[in-house]
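The block underneath contains the structure these notes are about, expressed in structure tokens.
The values are calculated or read from the model by the stated rules, or taken from the named source; none is laboratory data. Treat the numbers as computed from the prediction; the structure is a model and nothing was measured. Ideal geometry is used to build each Cβ from the backbone, glycine not excepted, and the neighbour counts take in all protein chains shown. What goes into the accessible areas is simple: the full protein's heavy atoms, side chains included, and nothing from ligands, DNA or RNA. Shrake-Rupley method; radii C 1.70, N 1.55, O 1.52, S 1.80 Å.
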Amino acid sequence: MTRVALLGATGSIGEQALGVIAAHPALEICALASGSQPLDGLAAAHGARHVQVGGDLTGLLEASEPDLVLNAVVGFAGVGATLWALERGVTLALANKESLVAAGELAVAARERGGGMLLPVDSEHSAVFQCLEGRAPATVESVVLTASGGPFRNRSLAELESVSVEEALEHPTWSMGPKITIDSATLANKGLELIEAHFLFDLPYHRIEVVVHPSSVVHALVRFRDGAALAHLGYPDMRVPISFALTYPDRASTPVPALDFSARLTLEFEPPDLGRFPLLRLAREAGERGGTYPCAFNAANEVAVDAFLDGRIGFLDVADLVEHALSQVDGAPAHDLGELVAADAAARRAAQGRLALV
Ligand SMILES: NC(=O)c1ccc[n+]([C@@H]2O[C@H](COP(=O)([O-])OP(=O)(O)OC[C@H]3O[C@@H](n4cnc5c(N)ncnc54)[C@H](OP(=O)(O)O)[C@@H]3O)[C@@H](O)[C@H]2O)c1
């Protein structure tokens, strides 16, 4: 039996993970965590003896002794759990990309010390992981992350100024929690994924490409030095990468339908427009600058997305807040979690200062 600690159990990934776990006899839930929603019903239904609502998740992990941590918390709140699992060599199935973006260097060092497995749950990274499996690093030219382009792919800059929260929450291909749905509309999500890929696969930024692929059937590609490219295809359904990570390396079956070639299946690709979607450019720059710039990118983006969801700022202000915050912070590397939390707080303050002026 694999004892799973499911963090973020009440969210979009959390709910789908509960279904995957319930269908698999070799998986059992030892711990559940949420941010504010009560967990009594879920704990009783899934036999979880350890539960926690909000607060520091590492106490819950210590007490429940999981074999695998599925971190499906949203935002910087997931950092402590990611570092806890990596440090101890406990298998980490990572949906919470923000933790790897914010704490990338600390996470890589913790993973080296802990020696455990880090299995990406993000569909693009799960796809890259699978395309890379068993390949010699020297044969790999680059990885290509696909982006749906979000609901505003064809909107002009002038139109983007007045898009509503409701429109931004209408993702064309994926059904997800509100924060990542807004991140997908601004392309900040692809920016976070670019930084996540850098830390997961130990690749420099110039060897990580992003391409817009509206139908979200190709999740990622890996280009090799001989000119070949391997792609990972499937309908956009997070149960596949969740199940892959939870049952690795067994690849358990899922109820997700196989690709149907009798229905029209078009694979279109186009380059992202960094003029209309500057958050992807800002993320790449933050990643290349290193230190705590990625942490600042993430923190300011979290502040801006909250403000957009609350109707306090417009869609284009999200990038403005992030750009401003990045210009205010020093980006100095964090040597421990305390310094990282301070860097995160400084970027949040900078974004909030700008927010007051919008
Ligand atoms: N949804 C997707 O399809 C998808 C795909 C790829 C990657 N991801 C990533 O997976 C993560 C979760 O996304 P989601 O869409 O599932 O988000 P979501 O639906 O908003 O769910 C977030 C979960 O995190 C919990 N949470 C929030 N703050 C917390 C805290 N301080 N301590 C413990 N738990 C906390 C929430 O609890 P409450 O319900 O109590 O607030 C909820 O269970 C994000 O990092 C996202 O980028 C998601």
Counting only residues that are open to solvent by 20 Å² or more (accessible area, probe 1.4 Å), near the ligand (Cβ under 9 Å from one of its atoms) and not in a helix (DSSP H, G or I), how many does segment 1-47 have?
6
Quick test for you: out of VAL329, VAL322, VAL303, pick the one residue that is of a type outside the set (Asp, Glu), farther than 21 Å from ASP56 by Cα and open to solvent by less than 20 Å² (accessible area, probe 1.4 Å).
VAL322
Could you go through segment 167-190 and let me know if any residue there is farther than 25 Å from GLY290 by Cβ, of a type in the set (Gly, Ala, Ser) and modelled with pLDDT under 95.
yes
Residues that are within 16 Å of ALA102 (Cβ to Cβ) and under 22 Å from the mean Cα position of the chain (by Cα), drawn from segment 314-335
VAL322, ALA325, LEU326, GLY331, PRO333, ALA334
When restricted to ARG276, ARG348, the only residue surrounded by 13 or more Cβ atoms within 10 Å (Cβ to Cβ) and assigned to a helix (DSSP H, G or I) is ARG348
Search segment 53-75 for residues being within 9 Å of the ligand (Cβ to nearest atom) and among the β-branched types (Val, Ile, Thr), and hand back the single one that is farthest from LEU200 (Cα to Cα).
VAL53
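Every residue, every condition in (1) of a type in the set (Phe, Trp, Tyr); (2) free of Cβ contacts under 8 Å to residues at least 24 places away in the same chain; (3) closer than 20 Å to ASN298 by Cα; (4) touching a Pro at 6+ places or on another chain (Cβ under 9 Å), yes or no:
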site	(1), (2), (3), (4)
SER64	no, no, no, no
VAL79	no, no, yes, no
LEU86	no, no, no, no
GLY104	no, no, yes, yes
ALA110	no, no, no, no
ARG113	no, no, no, no
Any pair with Cβ under 8 angstrom, 6 or more apart, that starts in segment 1-21 at a residue that is of a type in the set (Asp, Glu) and ends at one that is near the ligand (Cβ under 9 Å from one of its atoms)
GLU15/ALA9
Hey, any hits in segment 61-68 for a residue that's surrounded by 12 or more Cβ atoms within 10 Å (Cβ to Cβ), out of contact with any Phe, Trp or Tyr (no Cβ under 8 Å at 6 or more places or on another chain) and under 19 Å from SER12 (Cβ atoms)?
no
Here the qualifying pairs (Cβ atoms under 8 Å; residues six or more apart or on different chains; first in segment 117-131 and within 13 Å of LEU100 (Cβ to Cβ); second of a type in the set (D, E, K, R) and more than 13 Å from the ligand (Cβ to nearest atom)) come out as LEU118/ARG111
So, of the residues in segment 76-104 that are assigned to a loop (DSSP other than H, G, I, E, B) and surrounded by fewer than 21 Cβ atoms within 10 Å (Cβ to Cβ), which turns out to be farthest from the ligand (Cβ to nearest atom)?
GLY89
Of (1) β-branched (Val, Ile, Thr); (2) farther than 22 Å from LEU7 by Cβ; (3) within 17 Å of the chain's Cα centre (by Cα); (4) surrounded by fewer than 24 Cβ atoms within 10 Å (Cβ to Cβ), VAL165 satisfies every one except (3)
Being of a type in the set (D, E, K, R) and assigned to a helix (DSSP H, G or I) is the filter here, so list the residues in segment 290-345 that pass it.
GLU302, ASP306, ASP317, ASP320, GLU323, GLU339, ASP344
